[in-house]
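J.: Have a look at this one.
The values are calculated or read from the model by the stated rules, or taken from the named source; none is laboratory data. Just so it is clear, the model here is predicted, and its values are computed rather than measured. Using ideal geometry, Cβ is built from the backbone for each residue, glycine included, and neighbour counts are taken over all protein chains shown. These area figures cover heavy atoms from the full protein model, side chains too; ligands, DNA and RNA do not enter into them. Shrake-Rupley method; radii C 1.70, N 1.55, O 1.52, S 1.80 Å.
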Amino acid sequence: GDHHHYPLHSSTISNHHPSSWRGLNILGWSLMETKHQLETTTIAQTKPAALSQPLLSLSNDNDLLLSLKKPLDNDNDNEKKNDNEKKNEKNQSIADMLIHYEYGPAAFGPLQRQQQSLKCNKNGDDNDKSSPFSKIQVKSIVELSYPKGITMKGQRGQVSVVDMIGQIYQNGLFMFGDSMSALNQEIIPAIRYIFHHIHRLDSKDAKRVSMLEKLAEACLDCQQVQARTIQKIYTDLTCTSLTLEQQLLYSLLSQKEAALNIFITHYHGGPNGKGHFLEGKQKIPYCDLDHDSIGSSSQQRAHLISGYVVLLGQAFGLDGQTEAKSDRFLSETLANIYDNHNYDKHKHDINTTVDKFIKELKD
């Protein structure tokens, strides 16, 4: 209701309380927090050791991933720093380092993600073959860390969130077919990897609680959102196995998702899903209305994201293309997107239209 404020910005109070959002509607907004931190945190202007040079895949400028925004300190400047300044430099995160750089064209290319096999058994032993948890064990893991999940119900208030998570762990997302469907062949290993990872953490560990909260919140939304949430958590857990260049590409992913959500609000948030959200005249964007209040599910944000991911995923570097292509409303959603952008396949070139979308998203 009234807690939805648009356009979104990191300074908007409600954006600091993601529990007020459901499912994927909060995933992109975490980006706003990161962006806000990068804008407001004072970082010593030093040379990050891991990123001391522009990163190039090839010699062509189109393959530039990162470039320096401005010259870094020289050795004489570093000698003048006190011990505390030098200590702070050693503790810099990737986000701290990236304040010195700007992304180049290569940052907007295809992502590289490889599904990792589950190697640990239910006891957390990496040396044995996978032995999945039982549904009861999954339920216990959730209840110990996120007891609120016991009273939460998804599937239009019909099924306990805890039971839903257990079902996904065992058989995947039923709307996308059986456990052997293309999407569930990604979802099942991903959620099992998540649970075998958090099982090793203390039941009150903040990361464990946070991951289970995200899963529970996603279960209040549609299965498209659940799929994206599972893959997002899985990617966050496994990105350390990627190369530095690949990790940098993923570090930009949340900003791309946030831009896409704002883009969707602008073009699908207005009355009847047309045009931009009219603040003051609408309580919430049309694309965020529930299934009882909207003309078609294809006009809802979760499915609009699928459409744009299919259109822009490779060129813009968005994750979740398998989930997007499996969206049961995809054909209708694409038709809706084309209509809102006045795209006529007989008159317009789709590549030119995609380039136009990407340019606006970058801006």
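J.: When residue 168 is evaluated against the numbered criteria (1) open to solvent by 40 Å² or more (accessible area, probe 1.4 Å); (2) outside any loop (DSSP other than H, G, I, E, B), which criterion, by number, is the only one it fails?
T.: Single failed check for residue 168: (1).
J.: Of the residues 316, 277, which single one is open to solvent by less than 30 Å² (accessible area, probe 1.4 Å), more than 29 Å from residue 185 (Cα to Cα) and out of contact with any Cys (no Cβ under 8 Å at 6 or more places or on another chain)?
T.: 277
J.: Taking the conditions exactly as written (at negative phi and open to solvent by less than 50 Å² (accessible area, probe 1.4 Å)), does residue 271 satisfy them or not?
T.: No, not satisfied.
J.: What residue, among those in region 236-246 that are of a type in the set (Val, Ile, Thr) and part of a helix (DSSP H, G or I), is modelled with the lowest pLDDT?
T.: Here the answer is 240.
J.: Can you tell me which residues in region 280-301 are closer than 28 Å to residue 183 by Cα and open to solvent by 10 Å² or more (accessible area, probe 1.4 Å)?
T.: Residues satisfying the conditions are 288, 289, 290, 291, 292, 294, 295, 296, 297, 299, 300.
J.: Answer yes or no: is there a residue in region 351-359 that is open to solvent by 30 Å² or more (accessible area, probe 1.4 Å) and closer than 14 Å to residue 309 by Cα.
T.: So far as region 351-359 goes, yes, one or more of its residues are open to solvent by 30 Å² or more (accessible area, probe 1.4 Å) and closer than 14 Å to residue 309 by Cα.
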